[in-house]
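The values are calculated or read from the model by the stated rules, or taken from the named source; none is laboratory data. All figures in this text were calculated on a predicted structure; none of them were measured in a lab. No Cβ is skipped: glycine too gets one built from the backbone with ideal geometry, and neighbour counts run over all protein chains shown. When the accessible area is computed, the model is the full protein with side chains, heavy atoms only, and any ligands, DNA or RNA have been set aside. Shrake-Rupley method; radii C 1.70, N 1.55, O 1.52, S 1.80 Å.
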Amino acid sequence: MIRIDAVTKRYDDGTVAVDRLSLEIPDHAITVLVGPSGCGKTTTLRMINRMVEPTEGSILLDGADIRQQPVNSLRRSMGYVIQNAGLFQHRTILDNIATVPRLLGWTKQKARGRAAELMARVGLDASLAKRYPYQLSGGQQQRVGVARALAADPPVLLMDEPFSAVDPVVRKGLQDELLRIQDELGKTIVFVTHDIDEAIKLGTMVAVLREGGRLAQFAPPAELLSAPADAFVEDFLGADRGIRRLSFFPSDALELATAPLVPLDADADRLAAAADAPYLLVTDADGRPLGWAEPGAPLDRDRLLDHGRPFRPGTDSLRTALDGAVLSPTGWAVAVDGDGRAVGVVSQQAVGEAIRAAHGRAGAEAKAAR
Amino acid sequence: MNVLNLVHAFFGDGAHWHGYDGIPTRLAEHIGYSLEALLIAAVIGLPVGLVTGHYGRGGNALALIATAGRALPSFGLLVLMVLWIGLGLLPVMIPLVVLAVPPILVTTYEAVRTVDPSPVDAARGMGMSEARVLFRVEVPVALPLILSGLRTAAVQIISTATIAAYVGLGGLGRYIIDGLYQRDYEKVVGGAALVAGLALVTLLLFWAAARVTVSRGVRRST
């Protein structure tokens, strides 16, 4: 565990970047430091690998002060990923990734073998091994940056706004990839970002810092959204934190209505059975949703209303279910299974009830935890 | 008689290819002086440029030294040095080195100082020592510019080394100065052509050195 203990960083000109910050960073989890510019988040990260030395306080790694070991061996035991990747343009992709193993004295062959493994792990095609950084896109370069940081299998990974410089689509891909890699490797990751959505998506724990380097709140993302510590955190979270919090509620408790599901070739009896439903969800022969129809009218494939984006109960959150219901022209969301076959429909009202129930459960759990 | 005829006559005369005043001897002398001056200038300019560039400090002092060095007329300096030290190789080397240090020093400083800071930050963060950061990360990227500083210095030395002949030494300047005294324009033009040719060959050598030593990743991305 990394323990930041009452750390202050004051520069010679008197500016205080970090002010008596204490944090316990849990092992095998992603801890995100988030805040506006000038909140000292990057300074805090850089104090962990001693790129910046604290003025006061100490940082403990597994109980030992990080100043006890030589600075370069400390740094080699922590992966370091920065914005814009910071690749060495004169080295091939493979040799970039092999950097730290080479510093640790591995043979060239062994280091390159390890680098090739890591390329696969971060989703880089082996054909890129002999390329140079200028030949790669920004997203690919950032993957190389992550692979390079992981090369010597360090227990700790420090990531300083690693995905800020790439476009939103690529960023989402990189975030998903990081979560997948973290599922496999279980590193202790400290991740700095100014993007609260990124913090909420990636963080097991999120530390919100305010200007002047003071800690505003340190909590799991769901708690941050439900109970912001003060007006600053609430303001920083943005307007729709209620909606965003729904991402943390599962959708498996939703009661799905199956009566409105009718196949396109349904006979009169089948249609009569569904006559009470306000809308019918018409499916194809495999059970995949085609669109909505008014009850009573003949089923015509070309006159169906768009069924919107379906959600998967259990896998997707209440947020996705609500989004589906809001986007649907009928106000009903479509639930599908893993193969895309419709398993039921759910109304906005039913989603609303599920949200209230989930809030009730979360409140009771929070009370029990206290 | 035009210049080409003079050149042709000079190189066509078999007498110019033998003996202590023959082309091979004079060329070897000229290359010798030039290499020595370039080596001394590099030994002074490269380390200072690398270290100041790495730490990003001392730029103003360097600019001052460079301007002063460039403002000193080589010929004037040569005369002063001869009056002060007497005849010999040393008074010739001093103006040549003074001429060559500024381009090497200033270009190397700029080349290292302007290396993209993010790979340097990454290198430090991965646990590279300062020397490793300089030689494994900064120098490979700065190499094209560093070589261009050395190239400028080398070409300036080669053209200026002709002044060695003024103080009784050899080199290609011999042909130019003796030719002027003897009103032998064939000799003057022939000497000048040799100096120009040597400068061109030097440019070619530096181009080849860059091809061999600069990484493909750096060559293509800058």
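If I go through the range A:48-61 residue by residue, how many of them are within 12 Å of chain B (Cβ to nearest Cβ) and outside any loop (DSSP other than H, G, I, E, B)?
Total meeting the criteria: 1.
I'd like the full set of residues that are assigned by the TED database to the domain that holds A:A29, among the charged types (D, E, K, R), over 18 Å from A:L318 (Cα atoms) and not in a loop (DSSP other than H, G, I, E, B), limited to the range A:215-271.
Answer for the range A:215-271, where residues must be assigned by the TED database to the domain that holds A:A29, among the charged types (D, E, K, R), over 18 Å from A:L318 (Cα atoms) and not in a loop (DSSP other than H, G, I, E, B): A:E234, A:D235.
So A:A85 passes all but one of these: (1) within 29 Å of A:V233 (Cβ to Cβ); (2) assigned to a loop (DSSP other than H, G, I, E, B); (3) of a type in the set (A, V, I, L, M, F, W, C); (4) within 14 Å of another protein chain (Cβ to nearest Cβ). Which condition number does it fail?
Result: A:A85 fails condition (1) only.
For the range A:277-311, give me each residue that is touching a Gly at 6+ places or on another chain (Cβ under 7 Å) and surrounded by fewer than 20 Cβ atoms within 10 Å (Cβ to Cβ).
A:R288, A:L304, A:L305, A:D306, A:R309
Matching residues to (1) open to solvent by 50 Å² or more (accessible area, probe 1.4 Å); (2) assigned to a loop (DSSP other than H, G, I, E, B):
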| site | (1), (2) |
| --- | --- |
| A:R131 | yes, yes |
| A:R148 | no, no |
| A:P154 | no, yes |
| A:M159 | no, no |
| A:V169 | yes, no |
| A:K172 | yes, no |
| A:Q175 | no, no |
| A:Q182 | no, no |
| A:V190 | no, no |
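Can B:A111 be described as without any contact (Cβ under 8 Å) to a residue 24 or more places away in the chain, under 15 Å from B:T52 (Cα atoms) and more than 10 Å from chain A (Cβ to nearest Cβ)?
Judged against the criteria, B:A111 is not a match.
Has the range A:124-131 got any residue that is at pLDDT 95 or above and within 12 Å of chain B (Cβ to nearest Cβ)?
yes
Let's see how each residue does on (1) open to solvent by 30 Å² or more (accessible area, probe 1.4 Å); (2) of a type in the set (V, I, T):
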residue: B:V155; (1), (2): yes, yes
residue: B:L169; (1), (2): yes, no
residue: B:L172; (1), (2): no, no
residue: B:A209; (1), (2): yes, no
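Given the residues B:G45, B:G53, B:G69, which is the only one that is part of a helix (DSSP H, G or I), free of Cβ contacts under 8 Å to residues at least 40 places away in the same chain, open to solvent by less than 40 Å² (accessible area, probe 1.4 Å) and farther than 17 Å from B:V189 by Cα?
B:G69
Being open to solvent by 50 Å² or more (accessible area, probe 1.4 Å), assigned to a strand (DSSP E or B) and in the same structural domain as A:Q182 (by the TED database) narrows it down to one residue among A:R20, A:R67, A:R102; which is it?
On inspection, the qualifying residue turns out to be A:R20.
Might you let me know whether the range A:103-121 holds any residue that is among the acidic types (D, E) and either touching a residue at least 24 places away in the same chain (Cβ under 8 Å) or within 12 Å of chain B (Cβ to nearest Cβ) (or both)?
no
Consider A:R270 carefully, then state whether it is under 18 Å from A:A342 (Cα atoms) and surrounded by fewer than 19 Cβ atoms within 10 Å (Cβ to Cβ).
yes
Considering B:V218, B:V167, which residue is within 14 Å of chain A (Cβ to nearest Cβ) and in contact with a helix residue (DSSP H, G or I) (Cβ under 7 Å, 6 or more places away or on another chain)?
Checking each option against the conditions leaves just B:V218.
For every residue, the table says whether it meets (1) surrounded by fewer than 18 Cβ atoms within 10 Å (Cβ to Cβ); (2) of a type in the set (S, T, Y); (3) in a helix (DSSP H, G or I); (4) within 22 Å of the chain's Cα centre (by Cα).
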site	(1), (2), (3), (4)
B:P91	no, no, yes, yes
B:I94	no, no, yes, yes
B:V98	no, no, yes, yes
B:P102	no, no, yes, yes
B:T107	no, yes, yes, yes
B:V139	no, no, yes, yes
B:S148	yes, yes, yes, yes
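Kindly establish whether B:I163 is over 30 Å from A:R102 (Cβ atoms), open to solvent by less than 40 Å² (accessible area, probe 1.4 Å), β-branched (V, I, T) and at pLDDT 95 or above.
no
Among the listed residues B:L134, B:L147, B:L143, identify the single one that is of a type in the set (A, V, I, L, M, F, W, C) and either touching a Pro at 6+ places or on another chain (Cβ under 7 Å) or over 30 Å from A:Y80 (Cα atoms) (or both).
Unique residue meeting the criteria: B:L147.
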